[in-house]
Amino acid sequence: MKKPIIVLGIGELGSVFARAFLKNNYPVYPITRTTDIDELRSSIDPEFILVCTGEGDLQSALKSIPNAWKDRVAMMQNELLPRDWATHNFIDPTVISVWFEKKKGMDSKVLISSPVFGAKAQILVASLALIDIPAHAVANDKELLFELVLKNLYILTTNIAGLAIETGSTVEGLRNNHLKLMRNVSSDILKLQSALTGKIFVEDELEKGMLLAFEGDLSHQCMGRSAPQRLKRTLKLASELQLNMPHLQKIKNKL
């Protein structure tokens, strides 16, 4: 019998991962808002715990993880960077940059293969393959950081640029008709990502990666429901770091 996997947060994406693990013969224990984590900790010895909460609930979720499980933590949020887990003393955490989406009443939609790094990477890759979702392990934490920044660039650029163009615009329309806006927004986003990570990234490489992801679903709408919150959160982080975000500020001023 394989050890169970705990899924903290059974939303749309959490349910996809739970199904993948079950297909791979792992028992799955969900953690919801009513779960007594201490009671669960004393009763099972999990393979790992996958944190599937939204970005806004991530820190409280990470703080709730018992010390006994800090060597078996996995995360999958958007806008995720090493600084988000650095203070929690996890040992060799596993991180997946999710490039598929799941909306209520719809099956999962894959854009590109999802990169994974960490101690439990192979379990995630093998489990997702069983439900026809491609994923692959990357070689080291440097490659993981590039992949996380790439996903952040995609999410934030499309969402925030979408606030400045016509409702219902797609990533194909953004690329074909608003390339200057896309590059202006992504330039601001990349400036923030560099400040948050302390690393310098090659802008052309990231743009190529973002455009490749566009090809995965050219009809993908730019502006999701959380776009205004993403803009607000991004400008707040930039302000805390004393970074000038002229293009993002211009978009905010027009809303």
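The values are calculated or read from the model by the stated rules, or taken from the named source; none is laboratory data. These numbers were taken from a predicted model, which means no experiment stands behind them. A quick note on method: Cβ atoms are made from the backbone with ideal geometry, for glycine too, and the neighbour counts reach across all protein chains shown. These area figures cover heavy atoms from the full protein model, side chains too; ligands, DNA and RNA do not enter into them. Shrake-Rupley method; radii C 1.70, N 1.55, O 1.52, S 1.80 Å.
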Original post:
Which residue, of Ala86, Ala129, is open to solvent by 40 Å² or more (accessible area, probe 1.4 Å), more than 29 Å from Asp36 (Cα to Cα), out of contact with any Lys or Arg (no Cβ under 8 Å at 6 or more places or on another chain) and in the same structural domain as Thr35 (by the TED database)?
Top reply: Ala129
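Restricted to region 151-184, and to residues that are polar (S, T, N, Q) and open to solvent by 20 Å² or more (accessible area, probe 1.4 Å), which residue is farthest from His220 (Cα to Cα)?
Keep residues of region 151-184 that are polar (S, T, N, Q), which gives 152, 157-159, 167, 169-170, 176-177, 184.
From what's left, open to solvent by 20 Å² or more (accessible area, probe 1.4 Å): 167, 170, 176-177, 184.
Numbers: Thr167: 12, Thr170: 5, Asn176: 14, Asn177: 15, Asn184: 20 Å.
For region 151-184, the residue satisfying everything is Asn184.
Condition test on Ser219, is it touching a helix residue (DSSP H, G or I) at 6+ places or on another chain (Cβ under 9 Å), farther than 20 Å from Phe146 by Cβ and of a type in the set (Ser, Thr, Tyr)? Let's see the steps before the verdict.
Details: touching a helix residue (DSSP H, G or I) at 6+ places or on another chain (Cβ under 9 Å): yes; farther than 20 Å from Phe146 by Cβ: yes; of a type in the set (Ser, Thr, Tyr): yes.
So Ser219 passes the test.
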Original post:
Among the candidates Leu181, Leu192, Leu235, which residue alone is over 29 Å from Pro134 (Cα atoms) and touching a Ser or Thr at 6+ places or on another chain (Cβ under 9 Å)?
Top reply: Leu192
Subject >> Where a residue in region 212-237 is in the same structural domain as Gln77 (by the TED database) and over 17 Å from Gly54 (Cα atoms) and its partner, wherever it lies, is modelled with pLDDT of 95 or more and buried (at least 18 other Cβ atoms within 10 Å of the Cβ), with Cβ under 8 Å and at least six apart >> reply: none
**OP:** Determine which single condition Pro4 fails, assuming it passes every other condition in (1) open to solvent by 10 Å² or more (accessible area, probe 1.4 Å); (2) touching a Ser or Thr at 6+ places or on another chain (Cβ under 7 Å).
**Re:** (2)
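In the list His220, His247, which residue meets the criterion of being under 18 Å from the mean Cα position of the chain (by Cα) and modelled with pLDDT of 95 or more?
Working: His247 fails: under 18 Å from the mean Cα position of the chain (by Cα).
From the options His220, His247, the qualifying one is His220.
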Original post:
Between residues in region 27-40 that are in contact (Cβ under 8 Å) with a residue 12 or more places away in the chain and in the same structural domain as Pro66 (by the TED database) and residues that are open to solvent by 40 Å² or more (accessible area, probe 1.4 Å) and assigned to a strand (DSSP E or B), which pairs lie under 9 Å by C-beta distance while being six or more apart or on different chains?
Top reply: Leu40/Tyr29
**OP:** Determine which member of the set Ser239, Ser187 is open to solvent by 70 Å² or more (accessible area, probe 1.4 Å), out of contact with any Pro (no Cβ under 8 Å at 6 or more places or on another chain), over 21 Å from Leu111 (Cα atoms) and small (Gly, Ala, Ser).
**Re:** Ser239
Subject >> Matching entry among Leu124, Leu111, Leu62, Leu150 (being assigned by the TED database to the domain that holds Leu237 and not basic (Lys, Arg)) >> reply: Leu150
Original post:
Which condition number in (1) assigned to a helix (DSSP H, G or I); (2) in contact with a Pro (Cβ under 7 Å, 6 or more places away or on another chain) is the one that Asn152 fails?
Top reply: (2)
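Residues checked against (1) touching a helix residue (DSSP H, G or I) at 6+ places or on another chain (Cβ under 7 Å); (2) closer than 25 Å to Arg225 by Cβ; (3) surrounded by fewer than 17 Cβ atoms within 10 Å (Cβ to Cβ):
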{"position": "Ala20", "(1), (2), (3)": "yes, no, no"}
{"position": "Ile37", "(1), (2), (3)": "no, no, yes"}
{"position": "Leu62", "(1), (2), (3)": "yes, yes, no"}
{"position": "Ala68", "(1), (2), (3)": "yes, no, yes"}
{"position": "Asp71", "(1), (2), (3)": "no, no, yes"}
